[in-house]
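Everything on this sheet refers to the single structure shown next.
The values are calculated or read from the model by the stated rules, or taken from the named source; none is laboratory data. For clarity, every value in this text was computed on a predicted model and none was experimentally measured. Neighbour counts are summed over all protein chains in view; Cβ atoms, including those assigned to glycine, are modelled from backbone coordinates with ideal geometry. With ligands, DNA and RNA removed, areas are computed over all heavy atoms of the protein, side chains included. Shrake-Rupley method; radii C 1.70, N 1.55, O 1.52, S 1.80 Å.
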Amino acid sequence: MDSEHQTPQRVGLLVASVHTGSSLSLWQEVAKEAQKSDSSLFVFAGGRLESPEGQEYLRNCIYDLANGENIDALISWSSALGGYVEASEVLSLLEGLGPMPTVSIGIKKPGSPSVSFDAYAGIQSVVLHAIGCHNAKRIAFIRGPENHYSAQDRWRAYTDSLTQGGIAQDPRLVSDPMAWTEGAKAVDQLVVERGLIPGVDFDTLICSSDMMMFAASKRLQALGYTIGEQLKIAGYNDSRESRLLSLAATTARMPVRELAQLSFSLLMALLANKGSKALDIVLPSQLVVRRSCGCRYSLGTIEQARKAIGQMSRYIDWVTRSLLLTEDETEYVRTLFTRQGIGERQYLPFIEEVVHRYLDGDGDPNLLSEALFFYCEFFASPAFRQGGALTVAELFVRQRDLVAHEHAYEVSTQARRLDDLKGDLLSLRSVDAIPSLLKRHLADLGIEQGYLVLYSGDGSSFVGGFANGNLIDGQCSFAKELLLPPALNRSLIKAVYVVEPLYMENQPLGYLVLATVRYSGSLMEEIRSAVSSAVKGALLLDAANRAAEEAERANAARSVFFANIGEGLKEPLKEAMTLLAKNAGPGCEEVQQQIAHASHLVQ
């Protein structure tokens with residue numbers, strides 16, 4: 001059979017979210033791997049198990065859909081699903097999905113290969129860098145969630161590194177275990193509740209994650225402290241948050257790209273019956289030195305940099321590692337910096353192309369700027385240094401600004417299209433109208449297919465959807481363990497699908513299945529939120545209309561009832577009045593008045 005017509009393998013990916021932290025990078029990297037293969041990817045963004053933050057536990061319902069009826073194999077970022085529950089509960093979830101080839105990230109699932117990262121060594125390298133390079137003596141630490149195994153590794157690395165550096169531990173410098181989003185709360189505990197003065201009572205703050213570090217930094221700045229001058233700060237993950245501080249943040253890189261690539265490769269081997277279920281692989285974390293720790297360059301002083309990358313081959317190796325370049329990109333850079341076959345007039349345009357490509361792919365501008373600086377400092381010809389170094393610096397700034405403006409334009413365009421969708425959703429009066437609105441608006445946002453499913457009793461109800469510009473109706477009920485109605489479930493073409501839960505006000509409503517060519521987690525979340533509100537509003541309106549109809553029917557029935565009663569009582573009352581008139585006696589006058597009043601009421 002021609003491969004185009006074969007049913008693609010279906011790979012599921014369990015992640016807590018698609019729009020924050022390292023989960024954002026991981027699902028994007030897995031999506032790229034799936035796109036290069038013959039597999040469809042189904043991303044289940046179901047939140048951390050039982051997490052009360054933002055009613056996150058309401059997202060958990062969609063994990064049940066990652067079963068053998070809907071997917072053939074599974075990658076689970078298991079450690080990311082914890083934080084509020086023990087690891088055993090995460091494993092129970094995986095077991096409940098049924099037997100299938102599985103690769104687990106972070107927490108070992110018995111009988112399946114696992115891939116993890118050495119967060120202990122990552123935090124250790126950060127703490128020892130602060131001690132060895134900056135003579136840090138009073139190092140505070142923000143702890144991660146108590147039930148998160150990697151957060152505990154990071155906490156142990158902090159305590160062990162202090163001992164290794166000959167620094168006594170001070171419990172007052174350590175926050176209570178906090179959720180990944182509570183960096184600001186941790187700062188308040190250290191500074192406001194305990195009365196510690198940053199820069200006096202502690203000279204360095206190490207955070208269990210970059211997300212925590214970002215929130216902590218913003219809170220410290222709001223309290224009047226300056227990062228870099230009064231206080232050094234560092235984190236872990238090397239997520240986007242590390243580049244958003246006033247000074248680019250020193251951190252340790254979680255090997256997210258490698259986690260995605262290796263997990264997907266192991267899963268494909270399992271599906272081909274060529275993989276080992278006994279593999280347990282631990283990937284290293286790499287120290288990324290920037291300026292928030294007190295360093296000017298990632299390689300230290302100019303003299304230290306010259307010693308580390310003083311030869312072109314070593315320089316290219318450093319650029320490859322630091323900028324996380326692929327093999328093709330490495331060859332491209334090698335050609336660039338050795339200028340093989342490139343004339344002087346072509347050289348700057350060539351750098352311009354490389355810089356734009358790297359920054360457009362969300363590369364780190366701080367490390368790129370440093371790489372260009374070291375090239376000009378160590379390897380450029382005297383003639384080039386005299387006139388070219390400034391030109392390269394200007395080129396970098398120009399391309400950085402251009403990419404920033406391009407991204408800002410894309411964001412504003414996306415926001416405008418989302419606003420149009422939200423406006424139409426707010427005006428609808430029936431859930432049935434949602435699929436046609438999604439069809440009208442989502443294609444321009446890079447979403448080629450969309451399907452809306454609502455929970456209905458013990459089953460699910462397919463409301464409608466769209467694919468390839470065509471509206472799909474055929475509303476029907478189907479088994480709750482299926483992702484979509486059976487015929488539709490079987491006919492889905494190769495794509496990257498994101499399954500987003502719909503919920504509002506402590507009530508799970510259903511889910512969206514969106515096939516996307518743009519791996520934008522923030523876009524997925526915006527659509528999820530808008531559709532959730534629309535569904536809830538339409539259901540409330542429908543409930544109000546049904547209540548009004550019920551009230552109207554009740555009023556009509558009451559009117560009929562009293563009309564019937566009135567007709568039935570007319571003759572008996574008339575007869576009673578006649579009998580009383582014939583047999584008038586003491587007390588009859590009062591009875592006649594009451595009967596006359598009743599006769600008036602039934603007229």
Test: residue in the stretch 499-508 that is open to solvent by 40 Å² or more (accessible area, probe 1.4 Å), free of Cβ contacts under 8 Å to residues at least 60 places away in the same chain and more than 17 Å from the chain's Cα centre (by Cα) | yes
State the number of residues belonging to the stretch 441-467 that are surrounded by 14 or more Cβ atoms within 10 Å (Cβ to Cβ) and more than 19 Å from residue 483 (Cα to Cα).
-> 5
Considering every residue within the stretch 169-187, establish whether at least one is open to solvent by less than 70 Å² (accessible area, probe 1.4 Å), in a loop (DSSP other than H, G, I, E, B) and in contact with a strand residue (DSSP E or B) (Cβ under 8 Å, 6 or more places away or on another chain).
-> yes
Do you know which of the residues in the stretch 488-498 that are over 18 Å from the mean Cα position of the chain (by Cα) and hydrophobic (A, V, I, L, M, F, W, C) is nearest to residue 40 (Cα to Cα)?
-> 495
Exactly one of 263, 242 is farther than 21 Å from residue 124 by Cα, crowded, with 24+ Cβ neighbours inside 10 Å and under 20 Å from the mean Cα position of the chain (by Cα), and that residue is 263
Please find, among 291, 321, the residue that is modelled with pLDDT under 90, within 30 Å of the chain's Cα centre (by Cα) and not in a strand (DSSP E or B).
-> 321
For residues that are open to solvent by less than 10 Å² (accessible area, probe 1.4 Å) and of a type outside the set (Gly, Ala, Ser), scanning just the stretch 34-58, find the one that is farthest from residue 493 (Cα to Cα).
-> 44
Does the stretch 93-145 hold any residues that are among the charged types (D, E, K, R) and in contact (Cβ under 8 Å) with a residue 24 or more places away in the chain, and which are they?
-> 108, 109, 118, 137, 138, 143
Pick from the stretch 143-157, criterion in contact with a Gly (Cβ under 6 Å, 6 or more places away or on another chain) and outside any helix (DSSP H, G or I), ranking: surrounded by the fewest Cβ atoms within 10 Å (Cβ to Cβ) | 147
Given the conditions (1) in a loop (DSSP other than H, G, I, E, B); (2) in contact (Cβ under 8 Å) with a residue 40 or more places away in the chain; (3) open to solvent by 50 Å² or more (accessible area, probe 1.4 Å), every one holds for residue 232 apart from (1)
Among (1) open to solvent by less than 40 Å² (accessible area, probe 1.4 Å); (2) touching a residue at least 12 places away in the same chain (Cβ under 8 Å); (3) in a helix (DSSP H, G or I); (4) not aromatic (Phe, Trp, Tyr), residue 160 falls short only on (1)
Lone unmet requirement of (1) farther than 20 Å from residue 178 by Cα; (2) aliphatic (A, V, I, L, M); (3) in contact with a strand residue (DSSP E or B) (Cβ under 8 Å, 6 or more places away or on another chain) for residue 24 | (3)
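Here is a yes/no grid of residues against (1) outside any helix (DSSP H, G or I); (2) open to solvent by less than 10 Å² (accessible area, probe 1.4 Å):
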| site | (1), (2) |
| --- | --- |
| 192 | no, no |
| 195 | yes, no |
| 205 | yes, yes |
| 211 | no, no |
Find the residue count for the stretch 106-135, including only residues that are of a type outside the set (Ser, Thr, Tyr) and surrounded by fewer than 24 Cβ atoms within 10 Å (Cβ to Cβ).
-> 17
Flag if residue 139 is open to solvent by less than 10 Å² (accessible area, probe 1.4 Å), out of contact with any His (no Cβ under 8 Å at 6 or more places or on another chain), closer than 30 Å to residue 260 by Cα and modelled with pLDDT of 95 or more = no
Subset of the stretch 468-498, residues open to solvent by 70 Å² or more (accessible area, probe 1.4 Å), of a type in the set (A, V, I, L, M) and closer than 23 Å to residue 433 by Cβ, comes to 471
Taking the stretch 509-518 and the residues there that are among the aliphatic types (A, V, I, L, M) and buried (at least 20 other Cβ atoms within 10 Å of the Cβ), the one that is farthest from residue 457 (Cα to Cα) would be 515
By residue number, the members of the stretch 274-293 that are open to solvent by 50 Å² or more (accessible area, probe 1.4 Å), in contact (Cβ under 8 Å) with a residue 24 or more places away in the chain and not β-branched (Val, Ile, Thr) are 276, 277, 278, 279, 280, 284, 286, 287, 291
Within the stretch 425-439, is even one residue touching a residue at least 40 places away in the same chain (Cβ under 8 Å) and closer than 27 Å to residue 360 by Cα?
-> no
